[in-house]
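The values are calculated or read from the model by the stated rules, or taken from the named source; none is laboratory data. Quantities reported herein were computed from a predicted structural model and do not represent experimental measurements. Here the Cβ is made from the backbone with ideal geometry for all residues, glycine too, and neighbour counts use every protein chain on show. Remember, those area values only see protein heavy atoms, side chains included, never the ligands or the DNA or RNA. Shrake-Rupley method; radii C 1.70, N 1.55, O 1.52, S 1.80 Å.
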Amino acid sequence: MPGMVLFGRRWAIASDDLVFPGLLELFVRVLWWIGILTLYLRYREKLDCARGALLSSYLVVLIILLAVIICTVSAIVCVSMKGTICNPGPRKSMSKLLYIRLALFLPEMVWASLGAVWAADSAQCDRIVVNGIIATVVVRTQIWCPATSRQASRCSTSSRTASGPTRGLLRGSAAPQGPRSCRSRTTEYDLVGGDQLNCHFGSILQTTGLQYRDFIHISFHDKVYELPFLVALDHRQESVVVAVRGTMSLQDILTDLSAESETLDVECEVQDCLAHKGISQAARYIYRRLVNDGILSQAFSIAPEYRLVIVGHSLGAGAAALLAIMLRSAHPQVRCYAFSPPRGLLSKSLHEYSKNFIVSLVLGKDVIPRLSVTNLEDLKKRILQVIAHCNKPKYKILLQGCWYELFGGDPDNCPTELDGGNRCDLTQPLLGEQSLLAHRSPAHSFSSDSPLGSPAKYPPLYPPGRIIHLEEEGASGRFCCSAAQYRAKWSHESEFSKILIGPKMLTDHMPDILMRALDSVVSDRVACASCPAQGGTNVETV
């Protein structure tokens, strides 16, 4: 992990990063060496032309030079396999080997140039030998140039409400770039912001299955703290649905990154009303549009008996939850369904208050419902500890990860930490932390829940409402033909208090994968409606 020191400076590449590049070069070099040796042994009797002696000498020296390079690269690979991530001691000879390898580039290039000249002047010699020598020069150039460019590059960079139309509104608002139906027509709804709006709206229509007349307002306006949203009528569920889009632009990312806490001005008897600043600002923007522009009034004038339902995914789920809190005083029957919301959203008191009317859905090991500033600080600490205590070389960890990605299995069967208490302190700089685990720098306190020493700015925040966790049953490979099976259960927010590292931590956040898992759970419940109830699988309807 500590960068190698070459030519008096530390590079952004460690001494245990050369296993796989070295094996690749070794494979090509060995094939090349076998080809040159075969060429020489088979055609050396035909090198009796004017330049035959030079060509014979070229092949002999090239065979010897390639053998030296193969031995050097083999030594680099073997040394790079030694030690562990934070124990580079067994790899201390790596710098010398790299100096030798770099020094071999010069004679190799000089000899390749001479071979090209001699082959060009040997038209009267056997054409197979001449063409073979020219091929070795071409292969040499192709190997040397990409290898050096890669090395330079590396070294220089460091359901009806939960199923049906409402779920369809989530799909449409979270991913409006799907199949499109671009038609020019006179709209019967408000359409705001963006280009090729009818194409985006066509995607929403196809995804949700709603009609033109069901939409009250569609906004594609997208700026920092200002999210796209739509308002529609779900006649089957008798609901006015507000759907908020998730992160899909740089502006949305900037909204996500405004992770400071600010007071949420709501009309409720709750103390300590703190919320994520960026998402709070986005929810306040939508609130102003809905109330001040009369959008909700228009919707309820058409369907006064309908109730208000707010949905969203990811960033949109956080904004939907805060929007539901803001609107609850005017709409006591409001319900919010937050799909994969961020964890760092509400203070503890607001989290408890939101349980009465907000339900969050989380799939598997999705990282976003576990993501907050305090959890990121905790993750950094845990990563440093795992790296410091890892007793396996890096290439084995990577191979195990590839095996799991291809064939599945349980990652817990491949521990990377030392057993027992034999754990040494870090002895070299790691990620610029200067042995934080051992010395506990005052600027990086692991004992505080608030990073950067600012409790007022980064207090612990929690996800919205009650949480339904869709857990995958059993382990599945990446190329497994059978679809993953899930079960739904109510979970406490403490189950999402740590970020889990795994191959599905990002894919479980994708809205299409979430909806497939939800469809699977719903279809299984419908199929087993006549079956006896089983413990732990019953999820009440909200």
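Some points to look at:
- Region 272-282: number of residues that are in a helix (DSSP H, G or I) and more than 18 Å from Leu371 (Cβ to Cβ): 1
- Identity of the residue in region 47-61, touching a Phe, Trp or Tyr at 6+ places or on another chain (Cβ under 9 Å) and open to solvent by less than 10 Å² (accessible area, probe 1.4 Å), that ends up nearest to Val19 (Cα to Cα): Leu59
- Region 49-91: number of residues that are under 30 Å from Cys390 (Cα atoms) and either of a type in the set (A, V, I, L, M, F, W, C) or touching a helix residue (DSSP H, G or I) at 6+ places or on another chain (Cβ under 9 Å) (or both): 19
- Contact map, region 96-107: residues that are closer than 14 Å to Phe7 by Cβ and open to solvent by less than 60 Å² (accessible area, probe 1.4 Å) paired with residues that are assigned to a helix (DSSP H, G or I) and β-branched (Val, Ile, Thr), Cβ distance under 6 Å, separation 6+ or inter-chain. Pairs shown: Arg101/Thr72.
- Pairs are defined by a Cβ separation below 8 Å, a sequence spacing of at least 6 or placement on different chains, a first member in region 127-147 that is within 27 Å of Ala53 (Cβ to Cβ), and a second member that is modelled with pLDDT under 70 and not aliphatic (A, V, I, L, M); the pairs so defined are Val130/Ser122.
- Residue in region 342-363 that is nearest to Ala282 (Cα to Cα), counting only those that are out of contact with any Asp or Glu (no Cβ under 6 Å at 6 or more places or on another chain) and in a strand (DSSP E or B): Leu346
- Evaluation of Tyr285 against the conditions (1) within 31 Å of the chain's Cα centre (by Cα); (2) closer than 26 Å to Ser491 by Cα shows that the sole unmet condition is (2).
- First in region 273-294 and under 21 Å from Leu461 (Cα atoms), second anywhere and open to solvent by 60 Å² or more (accessible area, probe 1.4 Å) and of a type in the set (Val, Ile, Thr), Cβ under 7 Å, 6 or more apart: Cys273/Thr263; Leu274/Thr263
- Restricting region 277-312 to residues that are among the β-branched types (Val, Ile, Thr) and loosely packed, with under 15 Cβ neighbours inside 10 Å, the residue that is nearest to Gly246 (Cα to Cα): Val291
- So Ala388, is it assigned to a loop (DSSP other than H, G, I, E, B) and modelled with pLDDT under 95: no
- Residue that is nearest to Leu308 (Cα to Cα), among those in region 208-239 that are open to solvent by less than 50 Å² (accessible area, probe 1.4 Å) and part of a helix (DSSP H, G or I): Asp214
- Residue check, Tyr404 of a type in the set (Phe, Trp, Tyr), in a helix (DSSP H, G or I) and at pLDDT 85 or above: no
- Tally, over region 495-509, of residues that are touching a Lys or Arg at 6+ places or on another chain (Cβ under 7 Å) and not aliphatic (A, V, I, L, M): 5
- Region 455-505, residues that are part of a loop (DSSP other than H, G, I, E, B), at pLDDT 85 or above and either open to solvent by 80 Å² or more (accessible area, probe 1.4 Å) or of a type in the set (Gly, Ala, Ser) (or both): Gly465, His492, Ser497, Lys498
- Of Glu269, Glu262, all but one fail to be open to solvent by 10 Å² or more (accessible area, probe 1.4 Å) and part of a strand (DSSP E or B); the exception is Glu262.
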